[in-house]
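Taken together, the values in this text are just the output of simple stated rules run on the coordinates, not laboratory data. Computed from a prediction, not measured in an experiment: that's the story for all the values here. Positions of Cβ are generated from backbone atoms using ideal geometry, with glycine treated the same way; all protein chains shown enter the neighbour counts.
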C-alpha cells in the first residue's frame, strides 16, 4: 500500500455491501442526536466519520460511532460540553474541550487556529480534555478549503512500544498535513505513527495468516510474525527510532504541553469508567504567508507534477503523491457508495434499532477494491 | 544505532586523532575570517560545525568547512550578505539570506522566530536564498536555551528517491525539534529524512562490505546491498511512504512556500557554478504557551522519565530518549576531544596552510567509540 497506512484493510476478502454516503451521514447524525448531541455537533462528528470511510480509512469511520455512543451513554464523554477557548497570546489559543466529542473539540480548535492565522499569519491551538478526534484529514481539509495550510496532531492511548522498548507506551499518534495548491488538488496527508495499522494485524489473525516482520512485538518484547501474539503484544512505530521519536514528540505537544493526559496515563476508548483527556494541536498558516497566493499555488502545482513525473523504481507502476490513494478512494466511494464490513453494519443496525432508527439499505454487493 | 541517524560513522575502524574543541573552534573561525566572513558570522558558522562534531554527527561538522570555503572562493556564496527580514504578518517573518552562509541565515531566522514568539506565543520564520545550514540541532538548541520550543527544517539538493521512485528527487531533508524540560536535560532531536546516512554507505564501500537491504537503490531503481551501486543510485527515505511524504513536505515548506528553490531545481553543494537557494523554516513557541513554565517543566520531566523507565525489548539494554546518544557524545567529546577522520584533518590542515594558519595539535589517538 502506497501513501497513508492509517487505514484498515477489509477484514475479509469477501464482498462488502456498499451504502449511500448521504444516507449514512443522516443515520449517524440521527443516532448522535438521540444521544443528546446538539444537531450542529452531531453533523460535525458524522461528517468526520464519513470522511474516513470515504477515504478508505475504515478504522476511523462509522465503526467508531459505536464506541462514541457507548461512551456517551456511560457518561465518560459529554454530549453538551461547555467548551472554553482561552487566548493567552495573540497567535495562540487553548481549547478546553470539557470532555466533549473529539471532532467537536478538534473542529473548534481548527476554526480558532484559522481565525488566528488570518490575523497573524499563523495560529497555534492546543486542545485538552478532548477525546478521539477521528481522522486528522478532517481538520486539515477544513483549513485547506479556507485557503490555509493546516496541521493536526493528536495523542492516543498506549498501543505501541517505543523504539527499543517492549511495552505499550506510545499511541499510534496521528499527524495530518494539508497544503493548498493552485490548479491541482491540494495535498492532504494523514498518517498514524505505527508501521502498520492494528486493523491489518486483526485481519491477518482472522485469516490465520502471518504478519510481515517488523510490524509488532509479542508480550515478551520479541519480534513476531504471529498475528495473535502481536495483538497481545505491541505494534511498532514506523521508521524505527525516527518514527518513534516523532510519535513521542506528538504525545509531548498534544498532551504534555497542552495540559491533556500523556504517555501511559491515557485511558483506552474501551475503558468506560474514565475520561480520556486526549490532547490535540491544530495549526493553520496563511498560504500567502511568504509569497502571493497565486505564486505559491503555481509553485505547488509544479512540485506536485514533478513528483508525479518522477521515474518509478523497478516493478513500480508510478510514483504517487502523499494522500493520492485516499483521494482516489474518496472519488470512487462517493460514486459507488461506501463499502462497510458486514459485522460493522450489524452493529450499526443494532445501534439504531434500539432507538427506532432504520439503517439505510445497501446499494448492492461490490467486489473488493484493489488497493 | 538508536536515536538520530543523521550522522556518519567513522569511515574507518581505525584510530582517530582527537582535538581540543576550543582550538578547533578558533581555527574554523580564523579560516572563515580570512575568507572575509565578519567575525560574528565566522563564530556562528564555526559554532554550528563544532556542535555537529561534538554530537558525533561528523557529516555536518568541520568536514563542511572545506566546501563552505570553496563556495565562498568561487563566489557562489557571499561572505558579507545583506540579509533582509520582512514581517508580512505579526507572527511571521521571511528572511532573505542574500546567498549568505546557511548558519548565518538560519540563526538570524531562529532569532527572529524567538522574538516573534516572545510577543505572540509562536513565531514562524521562512528563509530563502540561503545555503547548507549545518545541523538543525544548532537552531533548536538556541531556542531551548532561551526557554522556547524550537523546530528547524531545511530542504537540500536531490539525493534520495521518493517512495516508489528511482531517481534522486528529495534531499535528505533534515528536521530538528527542541523541547525544554524542568530539571531534566532538554529533548533535542535532529534527524535526516533518509533511512541511513550516505556516509554509512561510503564507509561500507571503503570496507568492501554490503549494506543492509532497504537503504538504497541502484541506478536502475532496483534495491541493492552493493554499496558502490548504492552510491551511484539513490538513498531511500526513512519509514517508507510516510517518511517519503515527510521529506516531500519539508521540501514544500522550506522551498515552495518560502520562495527558495525546491525539488530537482536545487543545485548540489559541489556545483561551484551556481547558487543553491536553499530554504529553511524555523519555528519558536513559548514554553508557557498553554501552562505555566514550571508546570510544563514538571510534566516534561515525568514523560522523559516514563520513557527511560519503559521496559526494553528482548536483547535491548534500555530505551533511549530521542537525541540521548548525541548528548552523550557531546559530553564525551567535550572531555576527551573531538575525533576527526585523518583525511578530513589533512584537508583542514591544507586549508589553513594556504593562508598561514596552523591546525591545532592532536590530543593523542583515541580508540574508536562504540555506538
Only counting other Cβ atoms within 10 Å, I'd like B:280, B:73, A:132 sorted with the fewest neighbours first. B:73, A:132, B:280
Volume per residue that the Cα convex hull of the stretch A:168-274 spans, once the total is divided by residue count, Å³: 153
Mind giving me the FRET efficiency for residue B:146 and residue A:264? R0 is 25 Å, r the Cβ-Cβ distance, nearest 0.05 is fine. 0.20
What translational diffusion coefficient, in µm²/s and rounded to a whole number, does the Stokes-Einstein relation yield for chain A at 25 °C and a viscosity of 0.890 mPa s, taking the hydrodynamic radius as the Kirkwood radius over Cα pairs? 116
If you take the C-alpha gyration tensor of the stretch B:306-355, multiply each eigenvalue by 5 and take the square root, what semi-axes do you get, largest first, in whole Å? 38, 11, 8
Difference of contour (0.36 nm per residue) and Cα-Cα distance, residue B:40 to residue B:328: 100.8 nm
Once every Cα of the stretch B:247-291 carries one equal point scatterer and solvent is ignored, give the base-10 log of I(q)/I(0) from the Debye formula at q = 0.24, 0.29 Å⁻¹, two decimals. -0.82, -0.99
How much of the DSSP beta bridge set in the protein assembly as shown is antiparallel, as a percent to the nearest 5? 85
Using a 10 Å cut-off on Cβ to Cβ distances, tally the other chain neighbours for every residue of A:252-262 and report the average as a whole number. 5
Chain B, Gaussian network, Cα under 10 Å: of B:181, B:127, B:146, the residue fluctuating most is B:146
Using a 7 Å offset from the Cα along the Cα-to-Cβ direction at both residue A:357 and residue B:183, what is the distance between the two label points in nm, to one decimal? 5.1
Under Stokes-Einstein, the stretch A:195-250 at 25 °C and 0.890 mPa s, with its Kirkwood radius over C-alpha pairs, diffuses with a coefficient in µm²/s of 218
Could you work out the percent of alpha carbon pairs in the stretch A:98-247 separated by over 25 Å, rounded to a whole number? 40
Per residue convex hull volume, Cα only, the stretch A:149-225, in Å³ is 114
For the stretch B:29-179, the convex hull over Cα atoms projects on average to an area in nm² of 9.9
Distance from the Cα centre of the stretch B:217-280 to that of the stretch B:19-34, in angstrom? 31
Quote the FRET efficiency, to the nearest 0.05, computed for residue B:318 versus residue B:73 with a Förster distance R0 of 35 Å and r equal to the Cβ-Cβ distance. 0.15
Inter-site label distance for residue A:294 and residue A:336 at 7 Å from Cα along Cβ, in nm: 4.1
Report the residue of chain B with the smallest Cβ-to-axis distance, using the rotation axis that brings B onto A, in whole Å. B:239, 1
Using only Cα positions of the stretch A:218-371, each an equal point scatterer, no hydration layer, compute I(q)/I(0) via Debye at q = 0.10 Å⁻¹ and quote the log10 values to two decimals. -0.78
Helix-derived mean residue ellipticity, 222 nm - over the protein assembly as shown, DSSP H n ≥ 4, -39500 (n - 2.57), to 500: -11500 deg cm²/dmol
Of every Cα-Cα pair in the stretch A:225-279, the percentage lying beyond 15 Å is 61
How far is it, in nm, from the label point at residue A:349 to the one at residue A:86 when both lie 7 Å from their Cα along the line to the Cβ? 4.9
For the residue A:22, residue A:115 Cβ pair and Förster radius 30 Å, calculated FRET efficiency rounded to 0.05 is 0.50
With Rg from the Cα atoms and Rh as the Kirkwood inverse mean 1/r over Cα pairs, the stretch B:77-150 has an Rg/Rh of 0.97
Label geometry 7 Å along the beta-carbon vector: residue A:70 inter-copy distances in nm: 6.2
Just need log10 I(q)/I(0) for the stretch B:155-198 at q = 0.13, 0.18, 0.31, 0.34 Å⁻¹, Debye formula, equal scatterers on the alpha-carbon atoms, no solvent, rounded to two decimals. -0.40, -0.59, -1.07, -1.16
Given the C-alpha centroids of the stretch B:293-336 and the stretch A:77-132, what is the distance between them in whole angstrom? 31
Using 20 Å bins from zero, what percent of all Cα-Cα pairs in the protein assembly as shown falls into each bin? 17, 53, 26, 4, 0
Of the candidates A:204, A:216, A:119, which one comes out as most mobile in a Gaussian network treatment of chain A with C-alpha springs shorter than 10 Å? A:119
Using the C-alpha atoms of the stretch B:272-325, what convex hull volume per residue, in cubic angstrom, is computed? 169
When each copy gets a label point 7 Å from Cα toward the beta-carbon at residue A:361, what are the spacings between them in nm, shortest first? 9.4
Peptide B:175-183, shielding by other chains (average Cβ, 10 Å cutoff): 2
Distances in nm, one decimal, shortest first, from residue B:212 to the same residue in every other copy, taking the label point 7 angstrom along Cα→Cβ. 1.5
When chain A is treated as a GNM, springs tying every alpha-carbon pair under 10 Å, which of A:356, A:56, A:102 comes out with the largest mean-square fluctuation? A:356
Highest mean packing first, using Cβ neighbours within 10 angstrom, the peptides A:27-39, A:299-311, B:231-243 sort as B:231-243, A:27-39, A:299-311
